[in-house]
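Report on the structure given below.
Computed from the coordinates by the stated procedures, all read-outs in this text should not be read as laboratory data. Here the structure is a predicted model, which means the values were calculated and not measured. Note that each Cβ is placed from the backbone with ideal geometry, even for glycine, and that neighbours are counted across all protein chains shown.
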Amino acid sequence: MGGYFADSKKDWKATIAYFNPTDDWTRVFLKSDKVLPVLFSNLNVVELVSQNTNNPVPLAIAHIIKVAAMHRVTDAYGPIPYSKIGSDGSINTPYDSEKDVYNKFFEELNGALAVLNEHPNDRLTASADYIYQGNVKKWIRFANSLKLRLAIRIANVDEATARRMAEEAVDPQHGGVIEQNEDNATWSYFSGSVNNPLYVAKEYNHLPECKTGGDTHVAADIIAYMNGYDDPRREKYFVKSEWSGIDYVGIRRSADIPEATICRKYSGINLNPNDPIYWMNAAEVSFLRAEATAIYGFNMQGEAKDFYENGIRLSFAQWGVDGADDYMKKDSKNSITYVDPNAGKHSYSQELTNSTVKWDEGASREEKQERIIIQKWIANWMLGNEAWADYRRTGYPHLFPATSDGNKSGGIVDSNRGARRIPYPASEYNDNTENINQAVNDYLGGQDNMGRDLWWD
């Protein structure tokens, strides 16, 4: 939904991409026994260990991880059970509003930061910390960066809180934010039969003779933009298509999928089984600071242009690509449209944007925000949660609308705006009837559907 990936299986017609998902799709974050029960049970174990060892550092880090995980859950559904979830991860509890959940996030991050800033030179064993190998200072920078991300998320609906949290986050006295790729938050402990989950998804039902992948391919949106900008990161992001004479071309999201022998010819995701998962990178942080400065006037300790250009440089460096300085000078572009190589079936001739890469200090507020978000979106490749959140929050980047035969919402979802949230799984109405009904009525105006805007949207 953020313009990165598209379904490429002919028989999938009741999924999130078509705006009519079954319970198998809507339950992933909220009801899976591999998410909340694992997260909160482990948090309870860490809490007991911290108490027994009189060491608050592991618990502080655990709370940062909790916020990093749970903000994806509330950003998907809206109101969620949070403040009253039990130590076993049971969600048969009352729901919290999105505003209350976000305020709790800030409270928890501030509490964790207070602890870690009192113990900046402590270290955990590397075997206990798969993200930063026990480096507390890097956890501080990640926590502040996460705090900045959440602050900008709510800037349109609670600017005062957003300003306070964002300016605290970048204040060097509080430990700083991620500013270099060496501090990127990544999970890279995959080996043997345990593979990167996105790799598993893109290889699902993979045909041996096909080099581009299985049931998930690259969306037309991201490739259209990167083709338009002649972006040299394409070879790092994508597997070349198998269409004659076309290096990179994606599939329209929600398209009527053709036979496997055709859809597998589109560009695939360039990902190996042991490649890391990115939680947050330095480029994103720099773009957050650019937006906070240029759009909201927050004090980010620098100028918007510098943050914007540094975000591009950091992304190029992250992917091992040269040419960032030449890329940033581009004040023109190729057409950002879509020509479907499958007989033009899902082509789209309307230009998605007039925005170019080169920074323009004289541009309007909207033009600056679009330029920042486009480059942030490209830099955040594969971080789909953030892409979808930014698209809903800002309307950028402009994405291809759902195809006429691909919107199966019965008129609930606007094809031009796309899905705004994931509906609650039907099983939640059986397991937590009173609480979910109250939440839907009180916080969603009785509309538990994919067309309902979130609080910060």
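Estimated from helices alone, the mean residue ellipticity of the chain at 222 nm is -13000 deg cm²/dmol (sum of -39500 (n - 2.57) over DSSP H runs with n ≥ 4, per residue). Shape class for the stretch 200-241: prolate, because the ratio a/c of the largest to smallest gyration tensor axis (alpha-carbon atoms, square roots of eigenvalues) is 1.5 or more and a/b beats b/c. Residue by residue, the stretch 134-150 carries 3J(HN,Hα) couplings of x, 7, 5, 4, 6, 5, 4, 5, 5, 4, 5, 5, 5, 4, 5, 4, 5 Hz when phi is fed to the Karplus relation 6.51 cos²θ - 1.76 cosθ + 1.60 (θ = phi - 60°); x denotes Gly or Pro.
Out of the trypsin sites (Lys or Arg not before Pro) in the stretch 1-37, which ones are loop residues according to DSSP with at most 10 other C-beta atoms within 10 Å? Of the trypsin sites (Lys or Arg not before Pro), the ones in loops of the stretch 1-37 whose Cβ has at most 10 other Cβ atoms within 10 Å are Lys34.
Kindly identify the stretch 283-382 as rounded, prolate or oblate by the Cα gyration tensor criterion: order the square roots of the eigenvalues as a ≥ b ≥ c, call it rounded if a/c is under 1.5, otherwise compare a/b with b/c, prolate if a/b is larger, else oblate. The shape class here is prolate. Database remark: amide H of Phe238 closer than 5 angstrom to the amide H of Asn270 (H placed geometrically; neighbours at sequence offset of 5 or more, or on other chains; Pro and chain starts carry no H). Expressed to the nearest 5 percent, the antiparallel share of DSSP beta bridges inside the chain is 90 percent.
For Lys138, a cut-off of 16 angstrom between C-alpha atoms picks up these lysines, skipping any fewer than 8 places away in its own chain: Lys147. Between the alpha-carbon centres of the stretch 258-285 and the stretch 364-387 there is a gap of 18 Å. The Cα atoms of the stretch 119-238 give a gyration tensor whose axes a ≥ b ≥ c have a/c of 1.5 or more with a/b no greater than b/c, which makes the shape oblate.
Residues His119, His71, His217 in ascending order of nearby Cβ atoms (within 10 Å, fewest first): His119, His71, His217. Between Lys358 and Ser127, the modelled labels are 5.7 nm apart [label points 7 Å from Cα along Cα→Cβ]. Taken along the Cα-to-beta-carbon direction at a fixed 7 Å, the label points for Trp12 and Asp24 span 1.1 nm. Placing unit charges on the Cβ atoms only, positive for Lys and Arg and negative for Asp and Glu, gives the chain a dipole magnitude near 460 debye about its Cα centre. With the gyration tensor restricted to C-alpha atoms of the chain, the semi-axes of the equivalent ellipsoid amount to 33, 27, 22 Å, longest first.
Listed values for the stretch 362-369 are Karplus-derived 3J(HN,Hα) couplings in whole Hz (6.51 cos²θ - 1.76 cosθ + 1.60, θ = phi - 60°), namely x, 5, 6, 4, 5, 5, 5, 5, and x replaces Gly and Pro.
Each of Trp12, Trp377 has some number of other Cβ atoms within 10 Å of its Cβ, and from fewest to most they run Trp12, Trp377. A dipole drawn for the chain from +1 and -1 charges on Cβ atoms has a positive end, and of Ile262, Pro94, Pro58 the residue lying farthest that way is Ile262. By the count of neighbouring beta-carbon atoms within 10 Å, fewest first, Asp457, Asp231 end up ordered Asp457, Asp231. Were the residues from Thr53 through Gln447 laid out at 0.36 nm apart, the gain over their Cα-Cα distance would be 137.1 nm. Below 8 Å, C-alpha to C-alpha, sequence gap of six or more: please give me the relative contact order for the chain in percent. In percent, rounded to a whole number, it is 20.
Think of each Lys and Arg Cβ as +1 and each Asp and Glu Cβ as -1; about the Cα centre, that makes the dipole of the stretch 307-348 roughly 160 debye.
Phi angles of the stretch 400-408 translate, via the Karplus equation with coefficients 6.51, -1.76, 1.60 and θ = phi - 60°, into HN-Hα couplings of 5, x, 4, 5, 4, 8, x, 8, 10 Hz per residue; Gly and Pro are given as x. Within the stretch 148-205, the chymotrypsin sites (Phe, Trp or Tyr not before Pro) that combine a DSSP coil assignment with at most 15 other C-beta atoms in a 10 angstrom radius are Tyr189, Tyr204.
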